[in-house]
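This report concerns only the one structure given below.
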Amino acid sequence: MAPKIVSEAQLRAIRAQTLEAEGTRHLAEARRASLIADEISHEQARKRASNDESRVFPFYASVGPGSVRACMEMLGEWSRMNDPESTTDKPFLIEITSPGGSVFDGLALIDYARKLKEEGYVINTFGSGLIASMAVPLLQIGVTRTVGRNSWLMVHEVSDFAIGTVADIEDVAKFNRRLNDNLYDILAERATLTMKQIQTKAMRRDWYMSAAEAVKFGLADAVK
């Protein structure tokens, strides 16, 4: 059987496809390298914070296992370095810019921070940019809750996706309502609104607040 002859046009098409595939691969590798560099930079920032006497943790990420774990580890390290009875050690500060994220991870950080505060440590929070969804309850961690002049807070109902039988979907909906109540209760602790009023404002919509409104509603203490 005679070998198949490939035309010049076909060779050019094959070369073009090869170059395109190589370009795509290099682009993917560049993006991956960029993500790794960003993560290294964030990790270095955390390490600098751990050695910084100002005790400032930059929570500039979605609320999830990684960001919460890093924050808890840093708070734990600072608590081991500080004396809660000292009058010279600076309070811990969590700076928050976050679109929100995992409710359960956020609740874990809230409970951990409460434990440290019960031991005598002072934790303050500062929100800037967008402080949304689960990040708003995180802002409430602070003994003093300050927000940037151009920041915006956003509160909404817990979102989830349920599949299965009608009973399965109803069970998920019931649990989500309990989670909502849990979060609204956290927000209402120092708010000028009742839990029911917060629930009404956030029902079936995204409830946005300016920095001044956040102070008015008692979800922040001051604008900076």
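The values are calculated or read from the model by the stated rules, or taken from the named source; none is laboratory data. Keep in mind that what you see is a predicted model, and the values were worked out from it rather than measured. Cβ placement follows ideal geometry from the backbone for every residue including glycine, while neighbour counts extend to all protein chains displayed.
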Residue tally, condition part of a helix (DSSP H, G or I) and either closer than 24 Å to R149 by Cβ or basic (K, R) (or both), over the range 169-224: 14
Residues of the range 201-224 classified as at pLDDT below 95 and more than 16 Å from A132 (Cα to Cα), total: 1
Candidate set: the range 100-124, residues that are touching a Ser or Thr at 6+ places or on another chain (Cβ under 6 Å) and outside any helix (DSSP H, G or I); chosen: the one surrounded by the most Cβ atoms within 10 Å (Cβ to Cβ): G100
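This table checks each residue for (1) surrounded by 11 or more Cβ atoms within 10 Å (Cβ to Cβ); (2) modelled with pLDDT of 95 or more; (3) under 19 Å from A113 (Cα atoms).
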position	(1), (2), (3)
D160	yes, no, no
I169	yes, no, no
V172	yes, no, no
N180	yes, no, no
I186	yes, yes, yes
R190	yes, yes, yes
L193	yes, yes, no
